[in-house]
Amino acid sequence: MKNRLRRVGLLSALALVAAAPATVPAVAVAKPTITMSGSTTVAPLAALLARKYLKVCDHCVNFKLLQGGSDIGVADVAAGRVTIGNSSRDPKPSDPGGLVFNKIAHDALCLVSNKANPIAGLDQAGVQAIFGGSVRSWSGVPGAAQTGTIDVFSRTPASGTQDAFQKIFMGSSKMFSGASQKGSNGLVEQSVASDPGGIGYVSLAFTKNVHTIPYKGVDCTLRNAKSGQYGGVRNLYMVTRGAPTGATAKWINWITHSKAASKVIATQWVPLN
Amino acid sequence: MSTSGSPSAAQPRNRTDQRAEVLLGALACAVLVLIAFMIVFVFVKAWPSFADNGLAWFGAGGNVDEQMQNIFNSPADPSDYVYTMHAWPLLYATALITGISVLLATAISLLSAIFIVEFAPVFMQRLLRPVIRLLAAVPSVVYGLIGILVLVPFFGNHVISDGEKESVRYVIQLDGTSVLVGVLVLTVMITPIMVAITTDALRSVPRTWTEGAAALGVNRFRALRTVGIRAARPAIVAAGVLATARALGEAIMLSMVSGSVGFAPNPLDGVTFLFEPARTLAATVVDNSEGLSVKPFGQTIYAFAAILLISSAFLSFAGWVARSSMRKYTLQAR
């Protein structure tokens, strides 16, 4: 008898554990929940926007924000695991069908070198020579304070930043095969900051400890990116399965059209209009 | 239900015991099912990559990173998927870094275990044991952070000379992330667990055996070498297997410090060889897990995982064979 009681207790405990994940959405039914995952570049922007949106609409929705990289976001939204997949790369032909890439902002991609080696500027041919591996010594780069070998830091193939860099700066030329591939913006910044002979590229938000190199004579700053003078600008997206509906449509519409959202975006990114 | 396996077969068995036996048996079977399921899952996922390349998958040829880039940018049509992959540089890097670290760690751990068991004063033994356990439990990211913030810049800026950088600069860049730093940090990571296991094994060798040797007139070190270590050999092999498994599976730390290029370091480059970067299989999986959503790319990543799975299975098997062939010289207890 006692044993049976114990077993019932155990079973009900198990049932509780099993039911726990199921009860979370049930509680949230009162308010619609918008879940987002994906790009590490978009995540800080999405967090700031969500905080503002909650204030503006008086907590009309619940937000859940995860990270993982552009491709994770695209895969998650395609599989229906999240309502919005954040992406810092353009749509690709191999992406699953039925996805809508909603453009929410622009982001500047900066070329960076070590602070001890403040390069005065590079044009597209210069970038292609350095990142393509045909110039391997700083003495071959005009205006370099450093001598010796160039250490090139790039990103892994799955990164949205890598995709944007290849398209905007490299065009059809290939990356240097000996370049060190890093997993995130932060790792590239850290590597360039600790290596006097290093060069790399990061999102504008990751340029505090490194020197930003002007591209085609234009500084990589927020102002130049907004005015459209700076060439290295890419798009940030919120990806949905089919056109957004309901609370999601309201939220994306608020980001793209309201003044308040533009103001939030303009702190470190470039608003659409 | 048969009761022949139980030691108390003569008495009627306790029902609680019976139930516990069934429950534990079910759990053990569940683990087996889980492993089988995992192996099948990984291999089914990985199969297209192996099938498309055949044995060339394991060979050298071309640039691994370029091949991965091409796989990643495959067209949407499944019949046009790109699978070409020659993974030799990754396999070689894995074997190289794991091999050197385990060899170093075995030598260091054996010597320090001998010191702790036989020569260290009691207060030092009391101090060393918890410290070694603590070291064994430090998460690998912590080692990775120390590596990338301290060791990599130090090697890149002070140890590797400009001449060495220039000698290979059109092939590969030497920025400090290297085989050497990877091996150093990995050795530090796996040594403590080997020391802990070896120490316990040496301690459990019966005192009378070494005393017998001492009575024949040999010194302490010789007695330990010829009797103690020989008796503890199965445990030393077990420690080696455990350490190798940890080294094989180490991903985060190596992805941070051993370089993120699919490059096969060339031993013909002399000392520079140690400064060249290399990326192991596990580090490749971690670095590229962002791209799992691209189907052929994901399948290639699963192929790397399958190789790791096979190597660790093979490792356990080899360890078991080695231990059972040594067992005749030693205690039967373990």
Exercise for the section: Sort out which residues of the stretch B:76-117 are within 14 Å of chain A (Cβ to nearest Cβ), among the hydrophobic types (A, V, I, L, M, F, W, C), touching a residue at least 24 places away in the same chain (Cβ under 8 Å) and surrounded by fewer than 19 Cβ atoms within 10 Å (Cβ to Cβ), and write them in order of number. Expected result: B:Val82
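Could you grab me the full set of residues in the stretch B:154-165 that are closer than 18 Å to B:Val261 by Cβ and either outside any loop (DSSP other than H, G, I, E, B) or facing chain A (nearest Cβ under 7 Å) (or both)? Steps first, answer last, please.
Applying the first criterion (closer than 18 Å to B:Val261 by Cβ) to the stretch B:154-165 yields B:155-156, B:160, B:164-165.
Once the filter is applied, which keeps residues that are closer than 18 Å to B:Val261 by Cβ and either outside any loop (DSSP other than H, G, I, E, B) or facing chain A (nearest Cβ under 7 Å) (or both), the stretch B:154-165 yields B:Phe155, B:Gly156, B:Glu164, B:Lys165.
Okay, residues lined up against (1) at pLDDT 90 or above; (2) over 16 Å from the mean Cα position of the chain (by Cα); (3) among the basic types (Lys, Arg):
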position	(1), (2), (3)
A:Leu45	yes, no, no
A:Leu48	yes, no, no
A:Asp58	no, yes, no
A:Leu66	no, no, no
A:Gly69	no, no, no
A:Ala79	no, yes, no
Practice task
Among the residues of the stretch B:215-227, count how many are more than 16 Å from B:Ile114 (Cα to Cα) and surrounded by 14 or more Cβ atoms within 10 Å (Cβ to Cβ).
Solution key: 1
Problem - Residue list for the stretch A:39-88, restricted to those being charged (D, E, K, R) and either in a helix (DSSP H, G or I) or touching a strand residue (DSSP E or B) at 6+ places or on another chain (Cβ under 8 Å) (or both) - result: A:Arg51, A:Lys52, A:Lys55, A:Lys64, A:Asp71, A:Asp76, A:Arg81
Practice task
Could you check how many residues of the stretch B:42-66 are in a helix (DSSP H, G or I) and in contact with a Phe, Trp or Tyr (Cβ under 9 Å, 6 or more places away or on another chain)?
Solution key: 16
Exercise for the section: Collect the residues in the stretch B:97-134 that are within 22 Å of B:Arg222 (Cβ to Cβ) and among the β-branched types (Val, Ile, Thr), keeping them in residue-number order. Expected result: B:Thr106, B:Ile108, B:Ile114, B:Ile116, B:Val117
Practice task
May I ask you to list pairs of residues, at least six apart or on different chains, whose Cβ atoms are under 6 Å apart, with the first in the stretch A:181-207 being more than 9 Å from every other protein chain (Cβ to nearest Cβ) and the second being of a type in the set (Ser, Thr, Tyr)?
Solution key: A:Asn185/A:Ser203; A:Ile199/A:Ser113; A:Ser203/A:Thr41
Problem - Residues of the stretch A:208-243 satisfying the condition of being part of a loop (DSSP other than H, G, I, E, B), away from every other protein chain (no Cβ under 14 Å), surrounded by fewer than 20 Cβ atoms within 10 Å (Cβ to Cβ) and not aliphatic (A, V, I, L, M) - result: A:Lys208, A:Pro214, A:Lys216, A:Gly217, A:Asp219, A:Thr221, A:Gly228, A:Gln229, A:Gly231, A:Gly242
Exercise for the section: Using the structure shown, decide if B:Ala278 is surrounded by 19 or more Cβ atoms within 10 Å (Cβ to Cβ), away from chain A (no Cβ under 14 Å) and of a type outside the set (Lys, Arg). Expected result: no
Exercise for the section: Would you mention how many residues in the stretch A:53-75 are closer than 23 Å to A:Phe206 by Cα and more than 14 Å from chain B (Cβ to nearest Cβ)? Expected result: 1
Fill in the blank from the handout: Checking B:Glu211, B:Glu290 in turn, the sole residue that is surrounded by fewer than 21 Cβ atoms within 10 Å (Cβ to Cβ) and free of Cβ contacts under 8 Å to residues at least 24 places away in the same chain turns out to be B:Glu211
Practice task
Report whether or not B:Met68 is within 14 Å of chain A (Cβ to nearest Cβ) and out of contact with any Asp or Glu (no Cβ under 9 Å at 6 or more places or on another chain).
Solution key: yes
Exercise for the section: Kindly indicate the residue of the stretch B:293-307 that is of a type in the set (Val, Ile, Thr) and over 16 Å from the mean Cα position of the chain (by Cα) and also surrounded by the most Cβ atoms within 10 Å (Cβ to Cβ) among those meeting that condition. Expected result: B:Thr300
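The values are calculated or read from the model by the stated rules, or taken from the named source; none is laboratory data. Worth saying up front: this structure is predicted, and the values here are computed from it rather than measured. Positions of Cβ are backbone-derived with ideal geometry, glycine not excepted, and every protein chain shown enters the neighbour counts.
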